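The values are calculated or read from the model by the stated rules, or taken from the named source; none is laboratory data. Everything numeric here is computed off the predicted structure, so don't read it as measured data.
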Amino acid sequence: MDMATLIAPLISGATAIIVCVVNNISTMKRYDQEQDKKILELTASVQKSVAVIGCKIDELDRKQAIHNGVVERVYKLEERQSVQEERIKVASSKIADLETKI
């Protein structure tokens, strides 16, 4: 075999390999850029979600504080009611005693 017949296929094969490598590098760079863009979009989306969740938590804290205040007031009212009921029983008993004496 002569050298010219070997050199042509080797050059052709080497050129094909170089083209494939360059194409793969270009494709990987494009893919990396797309992934970076997606990561930035996701990061922005996550930051917005965190901000919304933070606002909702603050709102729930506010509502919980209001609820706790209502519960405390209702408890105090129930205590007062029981005291008033006891006073009414005592007063009714005294009135009944007075009525029996008359």
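Taken together, 43, 100, 5 contain a single residue that is assigned to a helix (DSSP H, G or I) and modelled with pLDDT of 95 or more, which is 43. Evaluate the following for residue 18: is it modelled with pLDDT under 95 and either assigned to a helix (DSSP H, G or I) or on the phi > 0 side of the Ramachandran plot (or both)? Criteria not met by residue 18.
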